[in-house]
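I have placed the structure first, in the form of C-alpha coordinates, so that the comments after it can refer back to it.
The values are calculated or read from the model by the stated rules, or taken from the named source; none is laboratory data. Predicted, not measured: the structure shown is a model, and the values here were computed from it. Glycine gets a Cβ as well: all are built from the backbone with ideal geometry, and neighbour counts include every protein chain shown.
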Amino acid sequence: MTDSSSSIPPVNPWLSRFAKLTVGLTLALILLGGLVTTFGAGMAVATWPTIHGEMNPSGWWQDHHVLLEHSHRLTAIVVGVLTGILCAWIWRNGWALIVALVVAGLADPIGRVLQLDGNVIAQLRIWPAAIVFLGFLLVQARRRRQVLGTDHWLVLAAYVGVCVQATLGGFRVTQETAGSLDSAMVLRVVHGTFAHVFLALLVVIATRLSPVWNEIAARPALPAGARIRRLANVAVGLYFAQLIVAAAMRHPGAGLAIPLWPHAQVNGSLLPADWNTYTSLNFFHTRVIAILFAGHVLGMVVRVWRSADCEPRLVRPATLLLFLTAMQFVLGVLVVWKGRHPHITTTHVFNAAAVLATVVLLAARAGRASRLSTDSIQTHQPSLLRATA
(Lines give C-alpha, C1' and ligand atoms only; values in the text may rest on other atoms or scores of the structure.)
Protein backbone atom coordinates (compact mmCIF):
# COMPACT_ATOMS: atom_id res chain seq x y z
CA MET A 1 0.00 0.00 0.00
CA THR A 2 1.27 3.47 -0.86
CA ASP A 3 2.26 5.60 2.08
CA SER A 4 -0.06 8.60 2.07
CA SER A 5 1.70 10.46 4.83
CA SER A 6 3.48 12.73 2.38
CA SER A 7 0.12 14.06 1.12
CA ILE A 8 -1.06 15.08 4.58
CA PRO A 9 -0.24 18.66 5.64
CA PRO A 10 1.64 18.99 8.94
CA VAL A 11 -0.28 19.83 12.08
CA ASN A 12 0.34 23.09 13.91
CA PRO A 13 1.61 21.85 17.33
CA TRP A 14 0.69 25.06 19.16
CA LEU A 15 -2.85 24.95 17.83
CA SER A 16 -3.09 21.33 18.93
CA ARG A 17 -1.87 22.20 22.44
CA PHE A 18 -4.29 25.11 22.66
CA ALA A 19 -7.21 22.86 21.72
CA LYS A 20 -6.17 20.38 24.42
CA LEU A 21 -5.91 23.23 26.93
CA THR A 22 -9.49 24.24 26.09
CA VAL A 23 -10.64 20.66 26.64
CA GLY A 24 -8.81 20.55 29.98
CA LEU A 25 -10.40 23.76 31.22
CA THR A 26 -13.81 22.53 30.08
CA LEU A 27 -13.33 19.43 32.22
CA ALA A 28 -12.39 21.73 35.12
CA LEU A 29 -15.56 23.73 34.44
CA ILE A 30 -17.67 20.56 34.61
CA LEU A 31 -15.93 19.68 37.89
CA LEU A 32 -16.82 23.08 39.31
CA GLY A 33 -20.38 22.72 38.06
CA GLY A 34 -20.56 19.36 39.83
CA LEU A 35 -19.38 20.95 43.06
CA VAL A 36 -21.96 23.72 42.72
CA THR A 37 -24.79 21.20 42.37
CA THR A 38 -23.47 18.84 45.04
CA PHE A 39 -23.21 21.59 47.65
CA GLY A 40 -26.43 23.30 46.55
CA ALA A 41 -24.63 26.51 45.68
CA GLY A 42 -26.40 27.24 42.39
CA MET A 43 -28.37 30.11 43.90
CA ALA A 44 -25.67 31.36 46.27
CA VAL A 45 -25.74 34.45 44.05
CA ALA A 46 -29.24 35.34 42.91
CA THR A 47 -28.04 37.67 40.13
CA TRP A 48 -26.22 36.84 36.91
CA PRO A 49 -23.48 37.20 35.75
CA THR A 50 -22.37 39.66 38.43
CA ILE A 51 -22.67 39.54 42.21
CA HIS A 52 -25.31 42.22 42.78
CA GLY A 53 -23.89 44.45 40.07
CA GLU A 54 -20.19 43.79 40.69
CA MET A 55 -18.03 41.23 38.93
CA ASN A 56 -15.62 40.69 41.83
CA PRO A 57 -16.83 42.43 44.99
CA SER A 58 -14.55 42.33 48.00
CA GLY A 59 -14.74 39.16 50.06
CA TRP A 60 -16.75 36.99 47.63
CA TRP A 61 -14.24 34.17 48.11
CA GLN A 62 -14.87 34.02 51.86
CA ASP A 63 -18.30 32.44 51.51
CA HIS A 64 -17.92 28.79 50.45
CA HIS A 65 -21.10 28.67 48.36
CA VAL A 66 -20.46 32.01 46.67
CA LEU A 67 -16.88 30.91 46.01
CA LEU A 68 -18.08 27.78 44.22
CA GLU A 69 -20.76 29.50 42.14
CA HIS A 70 -18.72 32.53 41.16
CA SER A 71 -15.61 30.43 40.40
CA HIS A 72 -17.82 28.38 38.10
CA ARG A 73 -18.94 31.56 36.32
CA LEU A 74 -15.43 32.98 35.98
CA THR A 75 -14.11 29.68 34.61
CA ALA A 76 -17.01 29.64 32.15
CA ILE A 77 -15.95 33.07 30.89
CA VAL A 78 -12.39 31.82 30.39
CA VAL A 79 -13.62 28.76 28.49
CA GLY A 80 -15.80 30.99 26.31
CA VAL A 81 -12.88 33.26 25.45
CA LEU A 82 -10.60 30.29 24.72
CA THR A 83 -13.24 28.80 22.43
CA GLY A 84 -13.46 32.10 20.57
CA ILE A 85 -9.67 32.21 20.18
CA LEU A 86 -9.64 28.61 18.96
CA CYS A 87 -12.34 29.42 16.42
CA ALA A 88 -10.52 32.53 15.18
CA TRP A 89 -7.24 30.59 14.97
CA ILE A 90 -8.70 27.77 12.87
CA TRP A 91 -10.52 30.24 10.62
CA ARG A 92 -7.36 32.40 10.46
CA ASN A 93 -9.28 35.55 11.29
CA GLY A 94 -8.07 37.26 14.43
CA TRP A 95 -9.79 40.53 13.52
CA ALA A 96 -13.17 38.87 13.93
CA LEU A 97 -12.28 38.10 17.53
CA ILE A 98 -10.98 41.61 18.22
CA VAL A 99 -14.11 43.27 16.81
CA ALA A 100 -16.33 40.87 18.77
CA LEU A 101 -14.55 41.75 22.01
CA VAL A 102 -15.02 45.46 21.26
CA VAL A 103 -18.74 44.91 20.65
CA ALA A 104 -19.00 42.95 23.92
CA GLY A 105 -17.25 45.81 25.74
CA LEU A 106 -19.83 48.30 24.47
CA ALA A 107 -22.64 46.41 26.21
CA ASP A 108 -22.04 48.12 29.58
CA PRO A 109 -22.09 51.77 28.44
CA ILE A 110 -25.03 51.12 26.12
CA GLY A 111 -26.87 49.36 28.93
CA ARG A 112 -26.30 52.25 31.32
CA VAL A 113 -27.48 54.84 28.78
CA LEU A 114 -30.64 52.83 28.04
CA GLN A 115 -31.07 51.97 31.74
CA LEU A 116 -31.20 48.23 31.06
CA ASP A 117 -31.02 45.67 33.85
CA GLY A 118 -28.00 43.46 34.40
CA ASN A 119 -29.51 40.38 32.75
CA VAL A 120 -30.18 42.22 29.49
CA ILE A 121 -26.69 43.72 29.52
CA ALA A 122 -25.24 40.25 30.00
CA GLN A 123 -27.04 39.00 26.89
CA LEU A 124 -25.83 42.09 25.01
CA ARG A 125 -22.29 41.00 25.84
CA ILE A 126 -22.87 37.57 24.34
CA TRP A 127 -25.13 37.59 21.30
CA PRO A 128 -24.35 40.85 19.42
CA ALA A 129 -20.65 40.01 19.77
CA ALA A 130 -21.32 36.44 18.61
CA ILE A 131 -23.27 37.61 15.56
CA VAL A 132 -20.51 40.06 14.61
CA PHE A 133 -17.86 37.38 15.15
CA LEU A 134 -19.64 34.79 13.01
CA GLY A 135 -20.41 37.37 10.33
CA PHE A 136 -16.77 38.41 10.09
CA LEU A 137 -15.64 34.80 9.81
CA LEU A 138 -18.09 33.89 7.06
CA VAL A 139 -17.76 37.09 5.04
CA GLN A 140 -13.97 37.11 5.18
CA ALA A 141 -13.79 33.43 4.29
CA ARG A 142 -15.98 34.06 1.24
CA ARG A 143 -13.99 37.13 0.25
CA ARG A 144 -10.70 35.26 0.48
CA ARG A 145 -12.20 32.18 -1.17
CA GLN A 146 -11.01 30.20 1.79
CA VAL A 147 -11.39 26.44 1.51
CA LEU A 148 -13.48 25.35 4.48
CA GLY A 149 -13.18 21.88 5.97
CA THR A 150 -14.75 19.88 8.77
CA ASP A 151 -12.54 21.55 11.38
CA HIS A 152 -13.97 24.98 10.53
CA TRP A 153 -17.58 23.93 10.99
CA LEU A 154 -16.92 21.90 14.12
CA VAL A 155 -15.22 24.80 15.88
CA LEU A 156 -17.96 27.15 14.69
CA ALA A 157 -20.51 24.83 16.29
CA ALA A 158 -18.43 24.78 19.47
CA TYR A 159 -18.39 28.58 19.59
CA VAL A 160 -22.16 28.81 19.15
CA GLY A 161 -22.47 26.05 21.74
CA VAL A 162 -20.53 27.92 24.40
CA CYS A 163 -22.72 31.00 23.83
CA VAL A 164 -25.87 28.88 24.16
CA GLN A 165 -24.50 27.28 27.33
CA ALA A 166 -23.81 30.68 28.87
CA THR A 167 -27.37 31.78 28.10
CA LEU A 168 -28.83 28.60 29.58
CA GLY A 169 -26.84 29.13 32.77
CA GLY A 170 -27.98 32.74 33.03
CA PHE A 171 -31.63 31.93 32.41
CA ARG A 172 -31.49 29.17 35.00
CA VAL A 173 -30.50 31.75 37.67
CA THR A 174 -32.88 34.51 36.58
CA GLN A 175 -35.84 32.14 36.27
CA GLU A 176 -35.31 30.78 39.76
CA THR A 177 -34.85 34.30 41.13
CA ALA A 178 -38.16 35.26 39.52
CA GLY A 179 -39.88 32.31 41.19
CA SER A 180 -40.33 30.16 38.06
CA LEU A 181 -39.07 27.05 39.78
CA ASP A 182 -40.35 24.50 37.25
CA SER A 183 -38.73 26.19 34.27
CA ALA A 184 -35.56 26.74 36.30
CA MET A 185 -35.41 23.01 37.04
CA VAL A 186 -35.76 22.19 33.34
CA LEU A 187 -32.98 24.65 32.57
CA ARG A 188 -30.78 23.01 35.21
CA VAL A 189 -31.13 19.65 33.47
CA VAL A 190 -30.59 21.08 29.98
CA HIS A 191 -27.63 23.19 31.15
CA GLY A 192 -25.95 20.22 32.79
CA THR A 193 -26.53 17.94 29.80
CA PHE A 194 -25.49 20.46 27.15
CA ALA A 195 -22.15 20.98 28.92
CA HIS A 196 -21.24 17.42 27.94
CA VAL A 197 -22.33 17.99 24.33
CA PHE A 198 -19.96 20.96 24.25
CA LEU A 199 -17.18 18.86 25.78
CA ALA A 200 -17.67 16.14 23.17
CA LEU A 201 -17.38 18.71 20.37
CA LEU A 202 -14.13 20.06 21.78
CA VAL A 203 -12.70 16.56 22.15
CA VAL A 204 -13.42 15.83 18.48
CA ILE A 205 -11.74 19.09 17.47
CA ALA A 206 -8.69 18.45 19.66
CA THR A 207 -8.44 14.89 18.33
CA ARG A 208 -8.46 16.08 14.73
CA LEU A 209 -5.84 18.74 15.46
CA SER A 210 -3.51 16.31 17.22
CA PRO A 211 -0.39 14.92 15.51
CA VAL A 212 -1.78 11.46 16.27
CA TRP A 213 -4.55 12.13 13.72
CA ASN A 214 -1.98 12.16 10.92
CA GLU A 215 0.04 9.33 12.42
CA ILE A 216 -3.01 7.07 12.23
CA ALA A 217 -3.64 8.10 8.62
CA ALA A 218 -0.05 7.21 7.73
CA ARG A 219 -0.60 3.59 8.75
CA PRO A 220 -2.51 0.95 6.76
CA ALA A 221 -6.27 1.19 7.05
CA LEU A 222 -7.77 -0.90 9.86
CA PRO A 223 -10.77 -2.93 8.58
CA ALA A 224 -12.19 -3.29 12.11
CA GLY A 225 -12.04 0.48 12.63
CA ALA A 226 -15.50 1.11 11.17
CA ARG A 227 -17.11 -1.41 13.53
CA ILE A 228 -15.19 -0.05 16.51
CA ARG A 229 -16.39 3.42 15.60
CA ARG A 230 -20.01 2.25 15.43
CA LEU A 231 -19.68 0.56 18.80
CA ALA A 232 -18.15 3.71 20.27
CA ASN A 233 -20.99 5.80 18.84
CA VAL A 234 -23.50 3.46 20.50
CA ALA A 235 -21.58 3.97 23.76
CA VAL A 236 -21.90 7.74 23.32
CA GLY A 237 -25.66 7.32 22.81
CA LEU A 238 -25.96 5.21 25.96
CA TYR A 239 -23.86 7.74 27.83
CA PHE A 240 -26.19 10.62 26.98
CA ALA A 241 -29.26 8.55 27.85
CA GLN A 242 -27.64 7.90 31.23
CA LEU A 243 -26.64 11.54 31.57
CA ILE A 244 -30.14 12.88 30.91
CA VAL A 245 -31.63 10.47 33.45
CA ALA A 246 -28.88 11.37 35.94
CA ALA A 247 -29.48 15.11 35.54
CA ALA A 248 -33.24 14.70 35.89
CA MET A 249 -32.61 12.68 39.06
CA ARG A 250 -29.76 14.69 40.58
CA HIS A 251 -31.06 18.25 40.31
CA PRO A 252 -34.36 17.62 42.13
CA GLY A 253 -32.35 15.80 44.82
CA ALA A 254 -33.49 12.23 44.04
CA GLY A 255 -30.04 10.68 44.14
CA LEU A 256 -31.07 8.52 47.09
CA ALA A 257 -34.66 7.81 46.05
CA ILE A 258 -33.50 4.19 46.29
CA PRO A 259 -31.06 4.33 49.22
CA LEU A 260 -29.74 0.76 48.78
CA TRP A 261 -27.63 -1.09 46.23
CA PRO A 262 -27.80 -3.65 44.69
CA HIS A 263 -31.03 -4.38 46.57
CA ALA A 264 -33.84 -1.85 46.34
CA GLN A 265 -35.49 -2.90 49.61
CA VAL A 266 -34.23 -4.06 52.99
CA ASN A 267 -35.98 -7.41 52.45
CA GLY A 268 -33.59 -8.11 49.57
CA SER A 269 -35.96 -7.31 46.70
CA LEU A 270 -34.25 -5.95 43.59
CA LEU A 271 -37.28 -3.78 42.76
CA PRO A 272 -38.47 -0.77 44.77
CA ALA A 273 -41.67 -1.08 46.76
CA ASP A 274 -43.18 2.11 45.37
CA TRP A 275 -42.75 3.35 41.82
CA ASN A 276 -42.87 7.09 41.24
CA THR A 277 -40.98 9.52 39.03
CA TYR A 278 -37.97 9.71 41.33
CA THR A 279 -37.62 6.00 42.07
CA SER A 280 -38.05 5.22 38.36
CA LEU A 281 -35.30 7.67 37.38
CA ASN A 282 -33.06 6.33 40.13
CA PHE A 283 -33.69 2.71 39.15
CA PHE A 284 -32.91 3.30 35.49
CA HIS A 285 -29.81 5.32 36.33
CA THR A 286 -28.28 3.11 39.00
CA ARG A 287 -29.31 -0.25 37.57
CA VAL A 288 -30.58 -0.50 34.01
CA ILE A 289 -28.56 1.96 31.93
CA ALA A 290 -25.47 1.68 34.14
CA ILE A 291 -25.29 -2.08 33.59
CA LEU A 292 -26.05 -1.75 29.86
CA PHE A 293 -23.30 0.86 29.44
CA ALA A 294 -20.72 -1.08 31.44
CA GLY A 295 -21.47 -4.29 29.54
CA HIS A 296 -21.30 -2.53 26.18
CA VAL A 297 -17.97 -0.91 27.03
CA LEU A 298 -16.52 -4.26 28.17
CA GLY A 299 -17.57 -5.96 24.91
CA MET A 300 -16.26 -3.06 22.81
CA VAL A 301 -12.89 -2.98 24.56
CA VAL A 302 -12.45 -6.74 24.12
CA ARG A 303 -13.12 -6.29 20.41
CA VAL A 304 -10.54 -3.49 20.23
CA TRP A 305 -7.97 -5.67 21.98
CA ARG A 306 -8.60 -8.52 19.57
CA SER A 307 -8.80 -6.59 16.31
CA ALA A 308 -6.65 -3.50 16.84
CA ASP A 309 -3.57 -4.87 18.58
CA CYS A 310 -1.48 -3.39 15.78
CA GLU A 311 -2.81 0.11 16.50
CA PRO A 312 -1.86 1.25 20.02
CA ARG A 313 -3.59 4.59 19.38
CA LEU A 314 -6.88 2.69 19.66
CA VAL A 315 -5.85 0.17 22.30
CA ARG A 316 -4.68 2.83 24.78
CA PRO A 317 -7.91 4.90 24.87
CA ALA A 318 -9.98 1.69 24.90
CA THR A 319 -8.06 0.39 27.92
CA LEU A 320 -8.37 3.76 29.64
CA LEU A 321 -12.10 3.74 28.91
CA LEU A 322 -12.50 0.35 30.56
CA PHE A 323 -10.64 1.59 33.65
CA LEU A 324 -12.71 4.80 33.85
CA THR A 325 -15.98 2.88 33.36
CA ALA A 326 -15.08 0.46 36.15
CA MET A 327 -14.19 3.42 38.37
CA GLN A 328 -17.47 5.10 37.46
CA PHE A 329 -19.41 2.01 38.43
CA VAL A 330 -17.61 1.77 41.78
CA LEU A 331 -18.09 5.49 42.45
CA GLY A 332 -21.80 5.19 41.69
CA VAL A 333 -22.16 2.39 44.21
CA LEU A 334 -20.20 4.39 46.80
CA VAL A 335 -22.48 7.40 46.24
CA VAL A 336 -25.38 5.25 47.46
CA TRP A 337 -23.51 3.42 50.22
CA LYS A 338 -22.00 6.64 51.62
CA GLY A 339 -25.23 8.63 51.46
CA ARG A 340 -24.16 10.97 48.63
CA HIS A 341 -20.90 12.01 50.24
CA PRO A 342 -20.13 15.32 48.46
CA HIS A 343 -16.59 14.47 47.41
CA ILE A 344 -17.51 11.03 46.11
CA THR A 345 -20.56 12.43 44.31
CA THR A 346 -18.56 15.18 42.62
CA THR A 347 -15.81 12.73 41.63
CA HIS A 348 -18.54 10.57 40.10
CA VAL A 349 -19.71 13.54 38.01
CA PHE A 350 -16.18 14.47 36.92
CA ASN A 351 -15.24 10.89 36.08
CA ALA A 352 -18.35 10.66 33.91
CA ALA A 353 -17.06 13.57 31.82
CA ALA A 354 -13.71 11.78 31.50
CA VAL A 355 -15.56 8.67 30.30
CA LEU A 356 -17.32 10.70 27.62
CA ALA A 357 -14.10 12.37 26.48
CA THR A 358 -12.37 9.00 26.17
CA VAL A 359 -15.14 7.26 24.26
CA VAL A 360 -15.43 10.21 21.85
CA LEU A 361 -11.65 10.10 21.36
CA LEU A 362 -11.86 6.38 20.59
CA ALA A 363 -14.73 6.88 18.13
CA ALA A 364 -12.88 9.62 16.25
CA ARG A 365 -9.61 7.69 16.07
CA ALA A 366 -11.37 4.48 14.99
CA GLY A 367 -13.06 6.33 12.17
CA ARG A 368 -9.72 7.78 11.11
CA ALA A 369 -8.08 4.34 11.23
CA SER A 370 -10.76 2.92 8.94
CA ARG A 371 -10.53 5.97 6.64
CA LEU A 372 -14.14 6.92 7.32
CA SER A 373 -12.77 10.42 7.82
CA THR A 374 -10.60 11.04 4.78
CA ASP A 375 -10.28 14.81 4.94
CA SER A 376 -6.94 15.83 6.39
CA ILE A 377 -6.26 18.75 8.70
CA GLN A 378 -5.62 21.96 6.86
CA THR A 379 -2.43 23.81 7.63
CA HIS A 380 -3.34 26.60 10.05
CA GLN A 381 -1.32 29.75 10.37
CA PRO A 382 0.64 29.86 13.64
CA SER A 383 -0.26 33.50 14.19
CA LEU A 384 -3.74 34.34 15.46
CA LEU A 385 -3.82 37.69 13.73
CA ARG A 386 -2.44 36.63 10.37
CA ALA A 387 -4.98 36.62 7.56
CA THR A 388 -4.49 36.56 3.86
CA ALA A 389 -5.82 39.44 1.87
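Summary table
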{"read-out": "Any hit, region 36-52, residues being surrounded by fewer than 16 Cβ atoms within 10 Å (Cβ to Cβ), more than 25 Å from the chain's Cα centre (by Cα) and within 30 Å of G149 (Cα to Cα)", "value": "no"}
{"read-out": "Helices (runs of 4 or more DSSP H) contained entirely in region 288-389, each with at least 1 residues that are under 30 Å from F136 (Cβ atoms), β-branched (V, I, T) and at pLDDT 95 or above", "value": "342-369"}
{"read-out": "Filtered residues of region 299-312 (kept if under 20 Å from T325 (Cβ atoms) and surrounded by 13 or more Cβ atoms within 10 Å (Cβ to Cβ))", "value": "M300, V301, R303, V304, W305, S307, A308"}
{"read-out": "Among (1) surrounded by 21 or more Cβ atoms within 10 Å (Cβ to Cβ); (2) out of contact with any Gly (no Cβ under 6 Å at 6 or more places or on another chain), the one test that A88 misses", "value": "(2)"}
{"read-out": "Residue check, P211 within 29 Å of the chain's Cα centre (by Cα), within 30 Å of N12 (Cβ to Cβ) and surrounded by fewer than 16 Cβ atoms within 10 Å (Cβ to Cβ)", "value": "yes"}
{"read-out": "Which numbered condition F283 fails, given (1) modelled with pLDDT under 95; (2) crowded, with 20+ Cβ neighbours inside 10 Å; (3) within 21 Å of S370 (Cα to Cα)", "value": "(3)"}
{"read-out": "Members of region 134-159 that are aromatic (F, W, Y) and touching a Cys at 6+ places or on another chain (Cβ under 8 Å)", "value": "Y159"}
{"read-out": "Unique residue being over 22 Å from V45 (Cβ atoms), at pLDDT 85 or above and loosely packed, with under 15 Cβ neighbours inside 10 Å when the list is G94, G105", "value": "G105"}
